[in-house]
1. Looking at the stretch 135-158, which of its residues are more than 12 Å from M178 (Cβ to Cβ) and of a type in the set (S, T, N, Q)?
2. Looking at the stretch 109-127, I want the residues that are closer than 21 Å to T149 by Cα and free of Cβ contacts under 8 Å to residues at least 24 places away in the same chain and have a partner that is outside any helix (DSSP H, G or I) and basic (K, R) with Cβ atoms under 8 Å, at least 6 apart or on another chain. Which pairs are those?
3. Identify the residue in the stretch 73-112 that is touching a Lys or Arg at 6+ places or on another chain (Cβ under 7 Å) and among the small types (G, A, S) and, among all such residues, is farthest from M220 (Cα to Cα).
4. For the stretch 185-192, indicate whether the set of residues that are among the charged types (D, E, K, R), on the phi < 0 side of the Ramachandran plot, in contact with a Pro (Cβ under 9 Å, 6 or more places away or on another chain) and modelled with pLDDT under 90 is non-empty.
5. How many residues does the stretch 69-88 contain that are outside any strand (DSSP E or B) and modelled with pLDDT under 85?
6. Considering (1) among the acidic types (D, E); (2) at pLDDT 85 or above; (3) surrounded by fewer than 16 Cβ atoms within 10 Å (Cβ to Cβ), say which one D27 fails and leave the rest.
7. Could you say which residue among S195, S205 is modelled with pLDDT of 90 or more, part of a helix (DSSP H, G or I) and of a type in the set (S, T, N, Q)?
8. Check whether at least one residue in the stretch 54-68 is touching a strand residue (DSSP E or B) at 6+ places or on another chain (Cβ under 7 Å) and modelled with pLDDT under 80, and report yes or no.
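The values are calculated or read from the model by the stated rules, or taken from the named source; none is laboratory data. Predicted model, so just to flag it, every value in this text is computed and none were measured. Neighbour counts are summed over all protein chains in view; Cβ atoms, including those assigned to glycine, are modelled from backbone coordinates with ideal geometry.
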Amino acid sequence: MKKILLPVIVIIVVFLLLKCCSHCKNDNGMSFSEGTIEYSAVAVDQANPMATLAPSKMTVKFKNNKSVAEMSAGMGLFTTSFISDPDAKTLTQLVKLLNKKLSLVQNEADIKKENDAYPADITLLKETKMIAGYKCNMAHVKLKDDTGTDFDIFYTKELGINNPNFANPFHAIDGVLMEYQMKKFGLEMKFTAKSVKKENVEDASFERPAEYKAVSQAEMNTLFESIQ
């Protein structure tokens, strides 16, 4: 069980998930403010013992300047969602582990504290490429830690989103992340947007279900420490 869940924990720490989409425009110029982005998820080092256990995708739903990123692993035994509200500057994490259902709401100060714990130098570059029908700009990231890990990420400004990365370590990037990667606990994951679809999203997707127990950051940390 621990081996199955660890890759998901990596992604959770990495991704205080994608804070997307208040007003999207596809490659035909049609704009919309409600829909879904599908991302592939792969382990960069396929030789890593945990690579075959990592989630293979992430789904991001967006509507009215809110978004929710959803992932699961362990054949559904573990699921997590991150509900982002740039206007309220809050990030709500929902975790379902077996019969446990927990929620954690982070405010602006909490988010800044987590971002500051992942320092990185980001250099904007001129190179571009198309991803899921959108023109994306390149940026080079170099982590300011003992590893000195560096990699390229791609983001787009064609989605017309205000402050899309306010709650993630790439908050300096003015655009929606379409391809990026991060390493934690020895497992490096890469995420790439595969499609952006216009479709109806229920308002309930951005609400905390009543059956989820509100917990503190310390209590949530204890949960993850127990399954590492």
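1. Once the filter is applied, which keeps residues that are more than 12 Å from M178 (Cβ to Cβ) and of a type in the set (S, T, N, Q), the stretch 135-158 yields T147, T149.
2. If the second residue must be outside any helix (DSSP H, G or I) and basic (K, R), the pairs left are D121/K142; D121/K144; T123/K142.
3. S84
4. Checked against the condition, which is being among the charged types (D, E, K, R), on the phi < 0 side of the Ramachandran plot, in contact with a Pro (Cβ under 9 Å, 6 or more places away or on another chain) and modelled with pLDDT under 90, the stretch 185-192 yields no hits at all.
5. Qualifying residue count for the region: 4.
6. (2)
7. Unique residue meeting the criteria: S205.
8. So far as the stretch 54-68 goes, yes, one or more of its residues are touching a strand residue (DSSP E or B) at 6+ places or on another chain (Cβ under 7 Å) and modelled with pLDDT under 80.
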